[in-house]
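Heads up: the structure comes next, in structure tokens.
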Amino acid sequence: MKTLVKTFAAAALIAVSTFAMAAEGPGSKSAKANVNLSTADFALDHYVAVTTEGESAGIEQLFAEDFNQKIQASNAQSNSRSAVIKSLKKQKGEKLNCTVNTDIIEESADYMVAKVTLKFEDFTKTDLVTLVREGNNWKVSKSINSYK
């Protein structure tokens, strides 16, 4: 009788854990994964991975609450944090066919400005990225894009 009770208890535990994992859904762990953003360099590297390699882990963690993106073109555009995150999530797993070069323009204990150049076959995208320290993590607070 004790064996029968233990067997049912084990079966119930397995069933509950299986349903709990299924409820999370596929890919939900990667979207909620914490990424090490303890230094400006880590945050910049992650930003490049998110924007050019389709990395999706820690997207919400990467961008500051007041993040905005400006695109300098014939008709200037401005994008909010939520619009940029939504767009980047749609690009999950897509790698851009370009060469990437990053240059640190200015750096202090609490902020960094970097120039990220993406050279495609027919054009070049330049992204001026501002990162700020918020507590123990670094976040992207502004991005200004231009195209040549």
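State whether the residues of the stretch 101-110 include one that is at pLDDT below 90, surrounded by 12 or more Cβ atoms within 10 Å (Cβ to Cβ), assigned to a strand (DSSP E or B) and over 17 Å from the mean Cα position of the chain (by Cα). No, the stretch 101-110 contains no residue that is at pLDDT below 90, surrounded by 12 or more Cβ atoms within 10 Å (Cβ to Cβ), assigned to a strand (DSSP E or B) and over 17 Å from the mean Cα position of the chain (by Cα).
Here Ser143 does not fit the description of being on the phi < 0 side of the Ramachandran plot and free of Cβ contacts under 8 Å to residues at least 12 places away in the same chain. Which members of the stretch 68-86 meet the condition of being under 14 Å from Tyr47 (Cα atoms) and within 14 Å of the chain's Cα centre (by Cα)? If the condition is that a residue be under 14 Å from Tyr47 (Cα atoms) and within 14 Å of the chain's Cα centre (by Cα), then Arg81, Val84, Ile85 are the ones that fit. Picking from residues in the stretch 112-146 that are over 17 Å from Val48 (Cα atoms) and in contact with a strand residue (DSSP E or B) (Cβ under 8 Å, 6 or more places away or on another chain), the one that is surrounded by the fewest Cβ atoms within 10 Å (Cβ to Cβ) is Phe123. Annotation: of all residues in the stretch 31-52 being surrounded by 15 or more Cβ atoms within 10 Å (Cβ to Cβ) and of a type in the set (S, T, N, Q), the one that is farthest from the chain's Cα centre (by Cα) is Thr52. In the stretch 53-71, what count of residues is obtained for those that are surrounded by fewer than 20 Cβ atoms within 10 Å (Cβ to Cβ), in contact (Cβ under 8 Å) with a residue 60 or more places away in the chain and farther than 17 Å from Asn137 by Cα? Summing the residues that are surrounded by fewer than 20 Cβ atoms within 10 Å (Cβ to Cβ), in contact (Cβ under 8 Å) with a residue 60 or more places away in the chain and farther than 17 Å from Asn137 by Cα in the stretch 53-71 gives 3. In this structure, Ser82 does satisfy being farther than 15 Å from Leu37 by Cβ and either of a type in the set (Asp, Glu) or without any contact (Cβ under 8 Å) to a residue 40 or more places away in the chain (or both).
The values are calculated or read from the model by the stated rules, or taken from the named source; none is laboratory data. Bear in mind the structure is a predicted one, so any value in this text is a computation, not a measurement. No Cβ is skipped: glycine too gets one built from the backbone with ideal geometry, and neighbour counts run over all protein chains shown.
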